[in-house]
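Participant: This structure is in structure tokens; I'll ask about it shortly.
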Amino acid sequence: MGLYKQYFRLSQYAKNQVLGIDPKKLGKDGLPIQMLISQHFSHCRLAVILIGIFTLAVGIILSSIPWLDYIILKNLKLRDGSLSFHYWQKPGVIRLTKVYIFNVTNPDTFLALGEKPKLQEIGPFVYREDMEKVNIKFHDNGTVSFQHKKILQFVPELSVNKDEKIVVPNIPLLTLSSQSNNMGYFVQKTISVILSMGSFKPFVTLTANELVFGYDDKLVALAHQFYPKRKRPAEKMGLLINRNGTLPEVHNINTGATGMHEFGLITRLAGKDVLPFWKDPPCNDLAASEGSFFPPRYYTNADIVNIYDKDLCRILPMQYRGPDSKHGISADLYTPTDNIFESVDKYPENKCYCPGNEFCPPKGLQNISPCQFDAPVYLSFPHFFEADPTLAEPFEGLSPNRERHQSYFKIQPKLGVPIEGKIRAQLNLKVEHSPYVAPAKDFPSIIFPIMWVEEGIDDITPTIRRWIYLATTFADIACPLMTYGFIFLGTCVILGVIVNAYKSLVFTKETIEIGMRNLRRRSSAYIYSSNRFISRRDTYTLLDLNEEEDGTV
């Protein structure tokens with residue numbers, strides 16, 4: 001290496017002497033500057049450095065701000081024209097209502113001999129529900145008002161014969177006879193005579209379609225004429241007769257504009273901020289979803305979601321049970337809370353469902369008479385699932401099953417959109433023994449199951465499913481890959497430029513050999529040039545000063 005350095009010094013010295021280059025402008029030990037840098041600085045290298053810095057900065061910024069959440073929330077909030085608005089206004093999902101009716105196979109021996117009623121479940125009778133929101137109006141306070149429009153259409157390919165005859169309790173008759181116990185003796189006898197003249201029976205034979213959507217009944221027609229308007233039933237007797245057409249109640253819900261903690265929750269119902277069926281809280285609380293959207297658990301961290309359905313006549317609280325999934329989309333599983341139909345003795349908050357001296361039922365029952373024109377109708381889960389065993393004991397044919405009879409919802413936690421859900425509820429008639437009403441005098445006091453209903457969705461539309469998948473499952477993977485990919489790429493580009501520049505400053509044997517060959521060629525050119533330069537100068541000889549002095553002496 002020393003020989004190389006000496007060679008460089010001599011060569012450079014010769015060059016400096018010939019061309020008059022200042023040695024101070026040279027590198028250490030007289031090495032040429034161009035030998036220290038093998039690649040000259042260029043615009044291309046500058047562009048690469050800027051691209052690397054830009055990519056790194058973009059990655060750092062994207063990883064430090066919730067940009068994806070902003071995009072999702074912008075499309076999730078209800079506003080005219082948003083993606084969520086089109087899904088909410090007319091979902092397009094296949095929403096099915098399945099009806100199962102309890103056929104009484106031994107009505108005569110039950111009344112005459114006191115046998116247990118033998119119940120035969122007939123069904124399903126399946127109806128497709130086409131639903132949309134109408135009369136939509138957005139408000140400045142971040143809410144939107146609307147009405148539900150529902151059309152139920154029978155689906156024969158999924159159903160049993162809807163014209164099959166079924167024996168069920170005569171609900172109008174037994175309702176009147178039970179309520180007559182609060183009247184005087186002479187009133188009861190008068191009612192008894194009128195009912196006997198009309199040939200009313202405690203059991204009636206109907207088709208499923210008649211029981212669900214209405215049949216002519218003299219008592220109901222009479223009540224329709226004389227009952228007060230707010231309690232007036234329809235002209236026909238039908239358990240789901242008011243579910244077709246545009247429902248009169250005006251809903252007002254939060255759009256999410258003021259925050260996701262109340263997204264989709266009802267703020268007012270028919271102009272009131274409480275449920276009109278109950279007088280006291282928590283029974284008249286209205287903070288619940290109508291089923292389309294829920295406050296995302298991703299933001300609320302709440303383990304309880306509430307659902308409102310008019311047929312339930314109350315808020316249905318659902319408890320978070322754990323993570324789940326469907327079609328690769330993450331979801332939270334919710335089922336009814338353990339105390340939803342708990343007895344008042346164990347859960348006093350349910351007392352407001354039986355105010356005053358009204359009957360407070362055992363576990364598993366819920367009074368819904370305010371929603372059924374004051375008829376003594378009680379709600380339970382199908383087959384008295386998770387109810388007091390004494391409710392199912394008087395009957396034969398009931399077999400509660402968790403998989404078939406439990407309500408549940410699967411809700412995407414980041415969006416609050418349900419991707420699957422079923423509400424299952426049973427309608428029961430509370431009958432009180434009425435010894436002075438002849439047509440019903442043999443009917444004992446009993447909570448009698450009439451039918452149970454399952455309504456909900458098995459799946460969402462492919463378009464909405466793809467949107468949910470992209471916004472959650474795919475984005476949860478792609479977003480970190482993209483942001484950290486930017487950081488990694490930008491870092492690699494910058495490091496690559498630094499390493500490349502460093503290598504340019506490091507001498508290797510190869511670069512030295514290349515430099516020596518270049519210097520040899522250049523030195524030859526310098527010598528040739530210097531010879532030409534010297535040949536043009538006058539020749540001269542050096543005098544020996546000593547000899548000159550000797551000559552003078």
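The values are calculated or read from the model by the stated rules, or taken from the named source; none is laboratory data. In this text the structure is predicted, and so the values were computed from the model without any measurement. Virtual Cβ from ideal backbone geometry, glycine too; neighbours counted across all protein chains shown. We work out accessible area using only protein heavy atoms, side chains counted, and drop any ligands, DNA or RNA first. Shrake-Rupley method; radii C 1.70, N 1.55, O 1.52, S 1.80 Å.
Participant: Taking amide hydrogens as modeled 1.01 Å from N in the peptide plane, which residues meet the under 5 Å criterion relative to residue 457, leaving out close sequence neighbours?
Facilitator: The answer is 421.
Participant: Between residue 90 and residue 160, what is the spin-label point distance in nm, taking each point 7 Å from the Cα along the Cα→C-beta axis?
Facilitator: If labels sit at residue 90 and residue 160, their model points lie 3.6 nm apart.
Participant: Going by amide H atoms built from the backbone, whose H comes under 5 Å of the H on residue 341, apart from near neighbours?
Facilitator: Close amide H contacts, sequence-distant or interchain: 364.
Participant: A follow-up question, please. Ignoring ligands, DNA and RNA, what percent of the accessible area of the stretch 271-416 is carbon or sulfur (1.4 Å)?
Facilitator: Values: 3100 of 6330 Å².
Looking at the stretch 271-416 in its full context, I get 49 percent from C and S.
Participant: Magnitude of the Cβ-charge dipole of the stretch 126-174, K/R +1 and D/E -1, about the Cα centre, nearest 20 debye?
Facilitator: Working: 7 positive and 7 negative charges, 27 e Å.
For the stretch 126-174, the charge dipole is close to 140 debye.
Participant: Here's something else I'd like to know. Enumerate the residues in the stretch 156-177 having an amide nitrogen under 19 Å from the point lying 7 Å beyond the Cα of residue 236 toward its Cβ.
Facilitator: 156, 161-173
Participant: Under a crude label model (7 Å from the Cα following the beta-carbon direction), how far is residue 105 from residue 402 in nanometres?
Facilitator: Between residue 105 and residue 402, the label points sit 2.9 nm apart.
Participant: Quick one: ranking 155, 58 by accessible area, 1.4 Å probe, largest first, what do you get?
Facilitator: Numbers: 155 20, 58 40 Å².
The most accessible residue leads, giving 58, 155.
Participant: A follow-up question, please. Calculated FRET efficiency, residue 279 and residue 469, Cβ-Cβ r, R0 51 Å, to nearest 0.05?
Facilitator: 0.65
Participant: First measure r as the distance between the Cβ atoms of residue 80 and residue 130, then evaluate 1/(1 + (r/R0)^6) with R0 = 22 Å and state the FRET efficiency to the nearest 0.05.
Facilitator: Details: r = 22 Å, r/R0 = 1.01.
FRET efficiency, residue 80 to residue 130: 0.50.
Participant: Contour minus end-to-end for residue 298 and residue 189, with contour as 0.36 nm per residue of separation and end-to-end as the Cα-Cα distance?
Facilitator: Working: separation 109, 0.36 × 109 = 39.24 nm, distance 6.23 nm.
Gain in length upon complete extension: 33.0 nm.
Participant: Which one of 142, 156, 175 is farthest out on the positive end of the charge dipole of the stretch 131-176, using unit charges on Cβ (Lys, Arg +1; Asp, Glu -1) and the Cα centre as origin?
Facilitator: Value computed over the given set: 142.
Participant: May I ask you to compute the full-extension gain from residue 167 to residue 489, defined as 0.36 nm times their residue separation minus their alpha-carbon distance, rounded to one decimal in nm?
Facilitator: Result: 108.5 nm gained on full extension.
Participant: Given H placed 1.01 Å from N in the peptide plane, which residues other than close sequence neighbours of residue 309 have an amide H under 5 Å from its amide H?
Facilitator: 314, 316
Participant: Quick check: residue separation of residue 49 and residue 339 times 0.36 nm, minus the Cα distance between them. What number comes out in nm?
Facilitator: Details: separation 290, 0.36 × 290 = 104.40 nm, distance 6.46 nm.
Length gained between residue 49 and residue 339: 97.9 nm.
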